[in-house]
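Worksheet: one structure, shown below.
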Amino acid sequence: MAEQIVFFIFTILVLGGGIGIISTKNLYYSALFLSMTLSGMAGYFVLLNAGFLAAVQVVVYVGAIAILILFAIMLSRRMMTSSEPQTNRQTWLAAIVSPLLFIAILVLVLQVNWPVSSAAPTGDALILLGMSFLGSYVIPFEVISVLLLVALVGAIILARDTHTDTGREQ
Amino acid sequence: MEQLINWLANILENTSWWGLPADVSAAVIVWSVYGFILALVVAPMAMIVLTWLERKIIARIQDRIGPNRAGPFGLLQAVADAIKMLTKEDTTPAGADRVPFNIGPGLAAVAAILIYAVIPVAPGIVGTDLNIGIFYIVAVGSFGVLGILMAGWSSNNKYALLGAFRAVSQLVSYEIPMVLSLITIAVVAGSMSTVTIVDKQSWVNGGWYLIAMPVTFLLFFLSSVAEVGRSPFDLLEADSEIVAGFHVEYSGLKFGLFMIAEYVHALAVAALTATLFLGGWHGPFVTQLTASSPVAGAILGHIYFLLKVGVIVFILMWFRGTLPRFRIDQLLDFGWKFMTPVALLNLLVTAFVVKLFQPGVSTGMGYAISAGPLASFGGVGQTIALLIANLLVAFLVSLAVRAFARRSKAQALRAVAAVEN
Amino acid sequence: MQNPYIFVGILVLAALLLPVVGLGVAWFLRPHKPNPFKQSTYECGIEPIGDAWVQFKVSYYIYALVFVVFDVESVFLFPWAVAYNFLPLYALLEVIIFVAILFFALVYAWRKDALKWI
């Protein structure tokens, strides 16, 4: 019973945050709702006994990505006072397409026979994770660092343009 | 549809490993009491005691007397402050974004309190022994950053916003060296659990990590001080520049909550430093005493732990009393161009030394790891080797810094010469 | 075995009580007499000029960008650190390469003056 209650609390966080993200006009609130959703996701991981993933979720998504998004919003002038409508003429098309997409994904998810186990994981899952990172998945592990390098180079090149522009303005 | 219902039912049923109703054991009740005491007694007390202590110590450093009117030695000064905070009118600026403005301080305080969940205060006494202990601390810290950003932005005040920007760029910059030094500890201890890390610092296993890894200690301690935003890294509140930074518009208890967050966090950093580097509750006779009488051992463990925490807290206040504030460009340069590269180098060197002392293990994955060439020297040998490696790192870094300083000095002289001509 | 995170949940509830109870008590104790001057934005005693939500330097954002990259890196290093004693020697080599590539990223950011305060 207790775990259902906790599950529903996290669900309220996730779904409430999700609805908040799309319904509010204020971008700053959207970003705050996003971090609420992401924290709720971390709660799911805890319920699934995946503490490390929960911490990763919080460190990377709440601590880094959400902060980055908040920064981006705060640094953009006039973004807060935007009075443009939230919807455009294709609202109805979107209203049809997105439920269809949801059903398609649902069908796919239901077709897979997910192995379900009610037992708590045995052994230290973290050590197994580390061994897999540097065992069977060592090439993806190395590729990640290249990916991060590319991401950083791209980000710096993109950000530097605006950097020099506003640098003179200030 | 039936499938969907089954699927949902499955989710709800199969989380039943969290068997709370099956055995609402004594342990859960003990934990709850411990948790509530921690949050509702220790946190406000930490703030009350530490503010008094800080004002007194800094006053002595500056050749003043400090608070001395309320009660003996001014001891009741902090209580008077607390009463004032409770009874002071709480103004919210008209232009503020009310909801995030009110959530911000609470979030910062909650995040600071949550750190204590994994700090072992005595043998067998810890909130919860998470296997991701030190990573959990990093994760919880993220919420504090979010609280600061919310407070700064929602205040609708230029100082507050500037303070929040400074705060967040400082906190994210110093999180990297802090995390890297935590990884270094995890490599040496072979675990992220704070309880295991303390166990590994017994004299049999090689002693305090402060002795084995002074460079890691400095990296961790300095970046933690920056994470709390205390002097000399107190740019985020910098009273003389941006009047108080992100909490300039707060008054009454909401301001008090930010103070609680700061002091509770500072105490947590001291406790964490004691846990990770000063051997936690380890001290003479604790292990022997715990074997014969767990209660006496726990009390002695508490005493040693609090003594170590006290020393670190004093160092934090000493910093505040003596060191001038960084400038923001110096601060960020120090974080990114000095701490981060040194932390990366230190991590790799430490990992190499640890590999030399690798004990032979069978992995259960179809292969076994043979013992390292120096494994027979054991924990003490590893401590000595790590110390030598750390000193080597420090020496190399000092050479690099000297070369860098020479070059920038030459550049500056050339620039001056060019202007004079 | 019980989930070790139960205590974290309890502590969250207890910690939430601190601001809730504190602010609740303060609500009864404190005066509440707002006036427009009291509620105006603080700007060192001068009338506030313009909105506070002005544009700030992009430099702050670039630091956050570099941070995200290194944050993700650290997430991958934690499992390696824990499993270190169970890994063969080549794992150290792999991590040296991993860290070296990211060190190169840091050097790149440095050389491109992304880490320079302007």
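The values are calculated or read from the model by the stated rules, or taken from the named source; none is laboratory data. No experiment lies behind these values; they were computed from the predicted model shown. Virtual Cβ from ideal backbone geometry, glycine too; neighbours counted across all protein chains shown.
Determine the pairs where a residue that is surrounded by 24 or more Cβ atoms within 10 Å (Cβ to Cβ), located within the range B:244-257, has a partner that is charged (D, E, K, R) and at pLDDT below 75 with Cβ atoms under 6 Å apart, the partner being 6 or more residues away or on another chain.
Pairs found: B:GLY245/B:GLU237.
Name the residues in the range B:92-110 that are among the small types (Gly, Ala, Ser) and surrounded by fewer than 24 Cβ atoms within 10 Å (Cβ to Cβ), would you?
Correct list: B:ALA94, B:GLY95, B:ALA96, B:GLY106.
Can you tell me which residue is modelled with the lowest pLDDT among those in the range A:121-137 that are surrounded by fewer than 15 Cβ atoms within 10 Å (Cβ to Cβ) and over 19 Å from B:ASP129 (Cβ atoms)?
Per the stated criteria, the residue is A:SER136.
Restricting to the range B:192-216, count the residues that are farther than 14 Å from B:GLY280 by Cβ and surrounded by fewer than 24 Cβ atoms within 10 Å (Cβ to Cβ).
4
Tell me which residues, restricted to the range C:58-75, are at the interface with chain A (Cβ under 7 Å from one of its Cβ atoms), touching a Ser or Thr at 6+ places or on another chain (Cβ under 8 Å) and within 25 Å of A:LEU134 (Cα to Cα).
The answer is C:PHE67, C:GLU73.
Based on this model, can you work out whether B:TYR116 counts as more than 14 Å from chain A (Cβ to nearest Cβ), of a type in the set (Ser, Thr, Tyr) and under 30 Å from A:GLN57 (Cα atoms)?
In short, yes.
Looking at the range B:284-307, can you tell me whether even one residue there is over 20 Å from B:ILE125 (Cβ atoms), assigned to a helix (DSSP H, G or I) and in the same structural domain as B:ILE134 (by TED's automatic domain parsing)?
No, there is no match, as no residue in the range B:284-307 is over 20 Å from B:ILE125 (Cβ atoms), assigned to a helix (DSSP H, G or I) and in the same structural domain as B:ILE134 (by TED's automatic domain parsing).
Between C:ALA26, C:ALA52, C:ALA91, C:ALA81, which is at pLDDT below 85, closer than 30 Å to B:SER193 by Cα and of a type in the set (Gly, Ala, Ser)?
Unique residue meeting the criteria: C:ALA91.
Please list, ordered by residue number, the helices (runs of 4 or more DSSP H) wholly in the range A:1-71 having 2 or more residues that are in contact with a helix residue (DSSP H, G or I) (Cβ under 6 Å, 6 or more places away or on another chain) and crowded, with 21+ Cβ neighbours inside 10 Å.
The qualifying helices (runs of 4 or more DSSP H) are A:27-47, A:51-56.
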